[in-house]
């Protein structure tokens, strides 16, 4: 019975194929229907994949996350912790690092304040508890710029920022190395109002200000190049410093060699020369005294007699002789 059924089905298929082959119109219609069905199936599969991707992104941290994110997921990236500090630069560094972490993790705008303030500890946490009560209204999420304004008002007041700007304008390299000067310059320039726009707007000013603070010997090398890309200017300044250092070492080596040759040609004379000089002087003025070794012709030797060498009287010496100094 089963064999007869299969044979009967095969017979139907052969008959159908024969009918399509004998009727070209029906054959083309069948191919078109088949192609349309395949296209519909492919479209349905793409729609299903897109829906699954959006669901994953809106759920637990996909690349296209747009929905809520859990605090535990954000803490996995180890965001920085902020404690009470009197150093405004440290406060600014923390806020910049936190803002970068929130952007990298694509934390939604309405959750950023909550996640960032969770990383406040100690006195900073107490400060935020009081500030939040002033900013919170009707359980509406606090805007990120509101937190930024209050944070900088507390830990980086306008007066300190102005002082940083003045410090940048007066910054000079002095005895600092090129690396130390560059680090100090980059630490201060971000607080300048001129540098708050897009980098292309202040790149030239930044290079001019950097050149204005470096030492004159380095400036004489990099200044004529008129470099207006800051990274290139720093690199050329380091190269110029190394060249100056090598030139100074070479110059010192040449001076030491010249001094060594000079000392060899004019070596200091020893005791024999001094003794010979004394003997020559004594010979020109007559024989020396056998008692004191000095030359005092026509005058008795007073060595060891406690008499003044000038007037010959006792009670004083030649340096305080009443007749005047010898």
Scan the range 277-322 for residues that are modelled with pLDDT of 75 or more, in a loop (DSSP other than H, G, I, E, B) and surrounded by fewer than 11 Cβ atoms within 10 Å (Cβ to Cβ) and jot them down.
322
Keeping to the range 119-145, report how many residues are over 17 Å from residue 85 (Cα atoms) and either in contact (Cβ under 8 Å) with a residue 24 or more places away in the chain or in contact with a strand residue (DSSP E or B) (Cβ under 6 Å, 6 or more places away or on another chain) (or both).
4
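Tell me whether the range 244-252 contains one or more residues that are free of Cβ contacts under 8 Å to residues at least 60 places away in the same chain, surrounded by 12 or more Cβ atoms within 10 Å (Cβ to Cβ), over 20 Å from the mean Cα position of the chain (by Cα) and farther than 29 Å from residue 161 by Cβ. Before the answer, list the steps.
Initially, the range 244-252 is screened for residues free of Cβ contacts under 8 Å to residues at least 60 places away in the same chain, giving 244-252.
Add one more test, that the residue is surrounded by 12 or more Cβ atoms within 10 Å (Cβ to Cβ), and what stays is 244.
Now narrow it down to the ones that are over 20 Å from the mean Cα position of the chain (by Cα): 244.
Narrowing further to those that are farther than 29 Å from residue 161 by Cβ: 244.
Yes: one or more hits.
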For the range 108-118, what are the residues that are assigned to a loop (DSSP other than H, G, I, E, B) and more than 22 Å from residue 83 (Cβ to Cβ)?
108
Considering only residues that are at pLDDT 90 or above and at positive phi, which ones fall in the range 54-107?
78, 106
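Name the residue, out of 227, 208, 218, that is modelled with pLDDT of 90 or more, closer than 20 Å to residue 171 by Cβ and part of a loop (DSSP other than H, G, I, E, B).
Working: 208 fails: part of a loop (DSSP other than H, G, I, E, B); 218 fails: part of a loop (DSSP other than H, G, I, E, B).
Result of the check over 227, 208, 218: 227.
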Suppose the filter is outside the structural domain of residue 190 (by TED's automatic domain parsing), farther than 16 Å from residue 191 by Cβ and in a helix (DSSP H, G or I); does residue 91 pass it?
no
Among the candidates 172, 153, residue that is in a helix (DSSP H, G or I) and either under 30 Å from residue 131 (Cβ atoms) or not assigned by TED's automatic domain parsing to the domain that holds residue 85 (or both):
153
Which one of these is surrounded by 14 or more Cβ atoms within 10 Å (Cβ to Cβ), modelled with pLDDT under 90 and not in a loop (DSSP other than H, G, I, E, B): 202, 191?
202
Please work out which residue is farthest from the chain's Cα centre (by Cα), limiting yourself to the range 173-186 and to residues that are surrounded by 12 or more Cβ atoms within 10 Å (Cβ to Cβ) and touching a residue at least 24 places away in the same chain (Cβ under 8 Å).
173
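The values are calculated or read from the model by the stated rules, or taken from the named source; none is laboratory data. Just so we're clear, the structure is a prediction, and the values are computed from it rather than from any experiment. Neighbour counts are summed over all protein chains in view; Cβ atoms, including those assigned to glycine, are modelled from backbone coordinates with ideal geometry.
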